[in-house]
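Right, one structure below, let's go through it.
The values are calculated or read from the model by the stated rules, or taken from the named source; none is laboratory data. The structure displayed is predicted, hence computed values, not measured ones. All Cβ positions, glycine included, derive from the backbone under ideal geometry; neighbour counts span all protein chains shown.
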Amino acid sequence: MKSDKPRIKLSELWSQVDFSKTSTLSLIFSNLLVIFFAIVDGISANEVLWIYWSQSVIIGIFNFIKMITLKDFSTEGFKQGKKQMLPTRATAISSAVFFLFHYGFFHLIYAVFLGAFSEFSHSNGSSSGTKYFLISAGMFFISYLIEFINSRKEQAEELPNIGLIMFAPYARIIPMHLTIIFGGFIGAAGSIFSTNTNLAIIVLFIGLKTVIDLFTHSIDFKKLKKQTANVSD
């Protein structure tokens, strides 16, 4: 399955971020909370990566539910091979199941990598790290639950594009991949040279992650009809 995704400028994405929404502020706060926890209780960069992983999984769960419960939607630009997909119930179910396994597989691999790196770097999870992992995941879940409920109300007014919904969460894989590779190995190098690089890594990637979160948050739940129209322009 593929989607002829519209070309959207970063400035256009940023202009769509609504800082007056409770869910947006909650998202920013949950990310800043990670930095606060790192400073106060010294949680490791590896634990931060697990928090990020859990948030991506939560986004995937809500995206799957949103896709599989779609009733009226657009399939403009959404194709299987060269065949244009039709906006049918079968399309919604098959696309949602494909997303669940494909997106889930990525995160299974990342979970294995994070577990292996934890053993390699001897950065076993602390009790405080586990507590903050649960708190951050809980806050993020509540944030997306609120936005999911609100998006269900808006669905009657806007016709969502299933292709855009399906591919939006994949943007998170890019910063996660960079975080695991560069953050992980920089942390390992810091351990070898007895230099504490945890906070620097955390601040750098939480900043990148927050920007990506705001973009994907906007694409996932804001009005998609105007973006879809740009596909044919």
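Looking across the stretch 137-156 at every residue that is more than 16 Å from residue 213 (Cα to Cα) and of a type in the set (S, T, N, Q), the one that is modelled with the highest pLDDT is identified as 150.
Going by the conditions given, is residue 111 without any contact (Cβ under 8 Å) to a residue 40 or more places away in the chain and among the small types (Gly, Ala, Ser)?
no
Of all residues in the stretch 32-51, exactly one satisfies the criterion of being hydrophobic (A, V, I, L, M, F, W, C) and not in a helix (DSSP H, G or I), namely 43.
Considering only residues that are surrounded by fewer than 18 Cβ atoms within 10 Å (Cβ to Cβ) and either touching a Gly at 6+ places or on another chain (Cβ under 7 Å) or more than 22 Å from residue 112 (Cα to Cα) (or both), which ones fall in the stretch 39-70? If the condition is that a residue be surrounded by fewer than 18 Cβ atoms within 10 Å (Cβ to Cβ) and either touching a Gly at 6+ places or on another chain (Cβ under 7 Å) or more than 22 Å from residue 112 (Cα to Cα) (or both), then 39, 40, 41, 42, 65, 68, 69 are the ones that fit.
Among 132, 110, which is part of a helix (DSSP H, G or I), surrounded by 17 or more Cβ atoms within 10 Å (Cβ to Cβ), modelled with pLDDT of 80 or more and among the hydroxyl-bearing types (Ser, Thr, Tyr)? Checking each option against the conditions leaves just 110. Restricting the stretch 11-31 to residues that are assigned to a helix (DSSP H, G or I) and without any contact (Cβ under 8 Å) to a residue 24 or more places away in the chain, which is nearest to residue 213 (Cα to Cα)? The selected residue is 25.
Being surrounded by fewer than 18 Cβ atoms within 10 Å (Cβ to Cβ), more than 26 Å from residue 103 (Cβ to Cβ), of a type in the set (Phe, Trp, Tyr) and modelled with pLDDT of 75 or more, is that true of even one residue in the stretch 20-34? Scanning the stretch 20-34, I find no residue that is surrounded by fewer than 18 Cβ atoms within 10 Å (Cβ to Cβ), more than 26 Å from residue 103 (Cβ to Cβ), of a type in the set (Phe, Trp, Tyr) and modelled with pLDDT of 75 or more, so the answer is no.
For the stretch 71-99, a residue qualifies if it is buried (at least 17 other Cβ atoms within 10 Å of the Cβ) and within 16 Å of residue 167 (Cα to Cα), and the qualifying residues are 73, 74, 75, 76, 77, 78, 85, 91, 92, 95, 96, 99.
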